[in-house]
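What follows is a set of notes on a single structure, which appears directly below.
The values are calculated or read from the model by the stated rules, or taken from the named source; none is laboratory data. Please read these numbers as outputs of a predicted model, since none were measured by experiment. Note that we place each Cβ from the backbone using ideal geometry, even for glycine, and neighbour counts take in every protein chain shown. SASA here: full protein model, heavy atoms, side chains in, ligands and nucleic acids out. Shrake-Rupley method; radii C 1.70, N 1.55, O 1.52, S 1.80 Å.
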Amino acid sequence: MRVALRPRSGCLVLCLCLSLITLLLQSLWVPLEMTQNEAAGRFPEEQGGNILGINKLVHRLDALSTQVQKLSRERHNTHLNKNALTSLLKSFKQDQQSLGRLLETELQRVSWRLDQISSQQHHNHKAFMLTPPSGFTEKCDMPTDPAYPVCAEKTEFLQAHWESDPCYAFYGVDGTTCSILSYLSQIENFCPPRPGRNHSSLPWHQKTHLNAKTAHIRDSLSSLYEELSNSSSLAIKFIRSRVERMSERWIKAGLRMKQNGSDTGSAELKVLLYPGALAGKAGQHFEAMVERGGPLGELVQWADLSACLTILGHHLTFSSSQRQLHRLIGAAPGHGGCPIQRPLMFDLIYTDYHGLAHLHGAMGLAFNHYKCRFRILDSFGTEPTFNLASYAQSRGYKTLWGSWGLRPLQYMNMFPHTPDNSFLGFVSEEALKTEKSKDRLEPESYRKERIAVVYGKQDYMWQGKSEYVRIISEELETHGTVYQASHHSSNLPSFVKNHGLLTQEQFLKLLHRAKVFIGLGFPYEGPAPIEAIALGCIFLQPRFDPPHTSDNNNFYKGKPTTRKISSQHPYAEQFIGKPYVLTVDMTNTTAVREAVKSILNTEVKPFTPREFTCVGMLERVHSYITYQNFCSTSVPTWPPESALKVHLGPLGQSCVSVCQHSSLWCEPALFHHLNTPAAFTRLGLGCSRMVQEVNHLFPSYNPWGRHCGLQRENLLFSCAGSDPSHRRLCPCSSGQVALCPQCL
């Protein structure tokens, strides 16, 4: 029996491919002129012979190439004996797995080698050399230098555990005392310099050269489009789509800032944007929800932040890959137990809680060294009591999300949930359309149809709300935008006209027609109500009684906040309010009917708070980048002391409430001006006793006993803290939320 073989041309193509791979690997592994300092940084399997693995791969590829060439020379026979072909296929199959593993290993080794060479050329410093020069015999006695008190403890630990993470072998540790002491001296700085070695600063401590370029406001977002163009991710496509849709407005807002003299020429920063929620398994889950009505608020914020930084003239790198993150920060191969290989190349890294964990798991000791450069996009806020691990543990505030020990202002919120964090925000998309021209909208454009749009894109959000929606539908044609899976019947009430999941453009057009935007109680604190109000809708939302907290609500359970959520959207209720926002008890049918009647008799114009405009966000982000310096150990000088308005709160009130009561904003960066005995004197408070403690309520005054308390831990200055026995000393400020007039 004879078996048909593919045409000879197919064999020639396969032969050519194998030959090219062989030549590529050989060319990549031609040794460069290596100094002794380049010998370290090897993979564990490279000890004792770097070239063995690559030679095996090259020889095997040569052998396969020879077999394919032999087949191609069968010019007169277009068919082969079945046994010969079977034998060849069997040979290929036997080596397929081992060859694949070998190829992967060698390519990984080549990648790390190229990274190392690139790092050496870029920073102009020598690679690590942990093994002694040839012919040199070291005496590896345990040092007893009192300047390195934990050297012996660290050495003992590594002797037992150095094989638990491949990164130790990568840095030259082989289990011997000499290699461990060299590593602890040159990489982690827990032991004194080895005899005969020049001891310079740690390789990941070395300061990178300051960027000599100056940041100027740009009139194009083309560099950002290029940065976002290499991903097929639905989430990244959403981000790019939003940026493109809003580009003209961003550019005009930038030009307006420039005309107002805000193009100050500060240094151009290298900024990494890493939304960790889009990486790994969490990213797969997020991706699956993008087209099923899942939460998109975080993506809105990432899109606006990336556009904002680009317009301000900074150099952006955007990544949603954990593997790429490791390459960008120079992580050592392994499980993250060792420091990174080189100084961090980025001046700022914007990430989220997921990304913060990824950085912590890849940077070793370098994490604490560089954490002052991190900015955390944190949708719901992190209060100081949850942030400091030792305090959270001892006072019962420990949660899965807190305890990172950052400056509280490094957490950046979508809404001004707590002044202890920085308010980053986003831009109301419709507001940008009004910025397009200085001309005001004509009165005719405010006219609305008798339509209500319900805020809730998934079925479960409507459960138990039918009566509430029915009462509204008696007066208003009710529309929904609920995701509907194919071949599934709708669970919505029959009186609701469901459009299914709409694109953002379609959704905005529907809101433009609508009179009212109906909240169902969930999702909490999203961007949609702000956009609805910007389109001239009135937002009707449910009141929560009792307020939702981490103690009584599963959604907020475990989140690092003590906030009491009084409605679906507290910002809309407190900072915007009537007539744009009505908050009702949705179980009270009379109250709901009265609210609907009031809405029908009220005409409102589109309204957007300044902080949710392009110019507002550009001003805010520019000020943060220019003035927030969390790597400095000195007291903050921004905002300036001239912005301070001192208020003494009543018993039991937080500084958030005290400042808001006077239409002001608590500014935690000004607390240090109040943390002195003189501050109590200026307020006319006579102190029988002055104490300094680690307490998130301080500085404060206790009238029983006239005790005055000063704060000992700067990370615990808190606008949010309150207690029935304490009157808080509060640093208030005015202006745009989180940005006083003197701050610009």
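When the stretch 585-607 is limited to residues that are charged (D, E, K, R) and outside any helix (DSSP H, G or I), the one that is surrounded by the fewest Cβ atoms within 10 Å (Cβ to Cβ) turns out to be LYS605.
Exactly one residue among ARG218, ARG242, ARG249, ARG194 is touching a Lys or Arg at 6+ places or on another chain (Cβ under 9 Å) and touching a residue at least 24 places away in the same chain (Cβ under 8 Å), and that residue is ARG249. On the basis of being open to solvent by less than 20 Å² (accessible area, probe 1.4 Å), touching a residue at least 60 places away in the same chain (Cβ under 8 Å) and among the basic types (Lys, Arg), does ARG610 make the cut? Spelling it out, it is not the case that ARG610 is open to solvent by less than 20 Å² (accessible area, probe 1.4 Å), touching a residue at least 60 places away in the same chain (Cβ under 8 Å) and among the basic types (Lys, Arg). Exactly one residue out of SER185, SER220 is more than 26 Å from GLY355 (Cβ to Cβ) and crowded, with 20+ Cβ neighbours inside 10 Å: that is SER185. Selection of the stretch 483-503 for residues being touching a His at 6+ places or on another chain (Cβ under 8 Å) and either open to solvent by 50 Å² or more (accessible area, probe 1.4 Å) or free of Cβ contacts under 8 Å to residues at least 24 places away in the same chain (or both) yields LYS497, ASN498, HIS499. Checking LYS270 against (1) over 22 Å from the mean Cα position of the chain (by Cα); (2) charged (D, E, K, R); (3) more than 17 Å from LEU221 (Cβ to Cβ), which test does it fail? LYS270 satisfies all of (1) over 22 Å from the mean Cα position of the chain (by Cα); (2) charged (D, E, K, R); (3) more than 17 Å from LEU221 (Cβ to Cβ) except (1). Scanning the stretch 347-366 for residues that are more than 14 Å from the chain's Cα centre (by Cα) and either under 27 Å from GLY313 (Cα atoms) or aliphatic (A, V, I, L, M) (or both) yields ASP347, ALA362, MET363, LEU365, ALA366.
Need the failing condition index for GLU641 against (1) at pLDDT 95 or above; (2) in contact with a helix residue (DSSP H, G or I) (Cβ under 9 Å, 6 or more places away or on another chain); (3) of a type in the set (Asp, Glu), just the number. Just one mismatch for GLU641, condition (1). For the stretch 608-647, the set of residues classified as assigned to a helix (DSSP H, G or I) and either more than 30 Å from PHE374 (Cβ to Cβ) or of a type in the set (Val, Ile, Thr) (or both) consists of VAL615, VAL621, ILE625, THR626, listed by residue number. Can you confirm whether the stretch 507-517 contains a residue that is out of contact with any Lys or Arg (no Cβ under 8 Å at 6 or more places or on another chain), surrounded by fewer than 19 Cβ atoms within 10 Å (Cβ to Cβ) and in a loop (DSSP other than H, G, I, E, B)? Checked the stretch 507-517: no residue is out of contact with any Lys or Arg (no Cβ under 8 Å at 6 or more places or on another chain), surrounded by fewer than 19 Cβ atoms within 10 Å (Cβ to Cβ) and in a loop (DSSP other than H, G, I, E, B). Considered as a group, the residues in the stretch 518-566 that are closer than 19 Å to LEU400 by Cβ and of a type in the set (Val, Ile, Thr) include one that is surrounded by the fewest Cβ atoms within 10 Å (Cβ to Cβ), and that residue is THR549.
Here SER232 fulfils each of the conditions (1) in contact with a strand residue (DSSP E or B) (Cβ under 7 Å, 6 or more places away or on another chain); (2) free of Cβ contacts under 8 Å to residues at least 60 places away in the same chain; (3) open to solvent by 60 Å² or more (accessible area, probe 1.4 Å) apart from (1).
Mind listing whichever residues of the stretch 727-744 are at pLDDT 95 or above and either surrounded by fewer than 23 Cβ atoms within 10 Å (Cβ to Cβ) or of a type in the set (A, V, I, L, M) (or both)? First the steps, then the outcome.
Quick first cut of the stretch 727-744, residues at pLDDT 95 or above only: 727-732.
Within the stretch 727-744, ARG727, LEU729 qualify.
Per-residue answers, yes or no, for (1) assigned to a helix (DSSP H, G or I); (2) in contact (Cβ under 8 Å) with a residue 60 or more places away in the chain; (3) of a type outside the set (Ser, Thr, Tyr):
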| site | (1), (2), (3) |
| --- | --- |
| GLY521 | no, yes, yes |
| LEU540 | no, yes, yes |
| ASP545 | no, no, yes |
| ASP551 | no, no, yes |
| LYS559 | no, yes, yes |
| THR562 | no, yes, no |
| PHE575 | yes, yes, yes |
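Would you confirm, using the coordinates I've provided, whether PRO419 is touching a Cys at 6+ places or on another chain (Cβ under 6 Å) and at pLDDT 90 or above? So PRO419 passes the test.
Residue-by-condition table, conditions (1) within 30 Å of GLY480 (Cβ to Cβ); (2) open to solvent by 40 Å² or more (accessible area, probe 1.4 Å):
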residue	(1), (2)
MET246	yes, no
LYS252	no, yes
ASP263	no, yes
ALA267	no, yes
VAL271	no, no
PRO275	yes, no
LYS281	no, yes
ALA288	yes, yes
ARG292	yes, yes
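In the stretch 204-226, the condition of being at pLDDT 95 or above, among the aliphatic types (A, V, I, L, M) and touching a strand residue (DSSP E or B) at 6+ places or on another chain (Cβ under 7 Å) is met by at least one residue. Of all residues in the stretch 269-293 being over 20 Å from CYS308 (Cβ atoms) and of a type in the set (A, V, I, L, M), which is modelled with the highest pLDDT? Checking each candidate, the answer is ALA279. Note on the stretch 143-213: enclosed helices (runs of 4 or more DSSP H) holding 2 or more residues that are touching an Asp or Glu at 6+ places or on another chain (Cβ under 8 Å) are 151-161.
Scan the stretch 281-294 for residues that are under 14 Å from ILE239 (Cβ atoms) and either in contact with a Phe, Trp or Tyr (Cβ under 6 Å, 6 or more places away or on another chain) or not acidic (Asp, Glu) (or both) and the total you get is 3. Among residues of the stretch 165-183 that are touching a residue at least 40 places away in the same chain (Cβ under 8 Å), those with a Cβ under 6 angstrom from a residue that is among the acidic types (Asp, Glu) and open to solvent by 10 Å² or more (accessible area, probe 1.4 Å), sequence gap 6+ or separate chain, pair up as CYS178/GLU138.
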